[in-house]
Amino acid sequence: MNDANNAQQAGVPGTLGQAPHAAQAVTDQAADGATSAKNVASGIAGQATAQTSSLVGQVKDKAFAAASDQKEGLADRLDDLAHAVHKSGEQFAGEQDWIASAIERGAAGLGALATSLRQNDIASLFGQAKSIAQRQPALFIGASLAAGFAVARLSKIVAADVSRDDLPTMPEVGHGGH
């Protein structure tokens with residue numbers, strides 16, 4: 001055992017004296033490898049984030065460009081729809097003025113929407129819609145649903161070129177007793 005201690009103290013290779021140093025060297029190498037791997041992973045993640053942001057930006061730009069291209073056509077269709085709604089409201093004038101008035105307000109709203117589409121860029125239109133949705137989400141959702149149903153209903157009427165006689169009538173409310 002005396003020879004092992006002497007060899008350990010002398011630093012002879014393969015002895016117990018080098019074990020703590022070798023372990024420390026392995027630990028240092030592992031730490032360096034982990035740091036290097038972490039740096040590489042961080043760099044890759046940064047590149048992926050940058051590429052994703054770039055891709056999202058390109059998709060967003062293309063969507064805005066496509067929406068801008070379609071904006072004028074949509075405004076024209078809204079004007080046509082407003083005109084058709086206005087004409088359908090004229091059928092109620094004189095008989096059921098409250099319905100005619102409501103229809104005329106709807107036609108005016110459609111015309112104003114068409115004008116707004118023509119005068120504003122897509123980003124500001126989305127900004128306005130987002131602002132309304134954030135301030136009054138329930139109203140925004142309700143209005144979106146109502147607008148969707150109204151447009152679908154009016155589109156069916158306009159497409160079918162329905163005459164006044166074909167439209168449903170409101171039942172008369174009698175003032176006398178039964």
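Structure notes:
- Residues of segment 49-74 classified as of a type in the set (D, E, K, R) and farther than 28 Å from LEU113 by Cα, total: 0
- Of residues in segment 110-120 being touching a helix residue (DSSP H, G or I) at 6+ places or on another chain (Cβ under 7 Å) and open to solvent by 40 Å² or more (accessible area, probe 1.4 Å), the one farthest from LYS87 (Cα to Cα): ARG118
- So ALA107, is it surrounded by 12 or more Cβ atoms within 10 Å (Cβ to Cβ), part of a helix (DSSP H, G or I) and modelled with pLDDT under 80: no
- Per-region count, segment 49-99, residues among the β-branched types (Val, Ile, Thr) and exposed (fewer than 10 other Cβ atoms within 10 Å of the Cβ): 0
- For LYS130, the conditions (1) at pLDDT 80 or above; (2) at negative phi; (3) outside any helix (DSSP H, G or I) all hold with the exception of (3).
- For segment 130-146, a tally of residues being among the polar types (S, T, N, Q) and either touching a residue at least 24 places away in the same chain (Cβ under 8 Å) or surrounded by fewer than 11 Cβ atoms within 10 Å (Cβ to Cβ) (or both) returns 1.
The values are calculated or read from the model by the stated rules, or taken from the named source; none is laboratory data. Keep in mind the model is a prediction, meaning the values are calculated, not measured. Cβ atoms come from the backbone with ideal geometry, glycine included; neighbour counts cover every protein chain shown. Heavy atoms of the whole protein, side chains included, go into the accessibility calculation; ligands, DNA and RNA do not. Shrake-Rupley method; radii C 1.70, N 1.55, O 1.52, S 1.80 Å.
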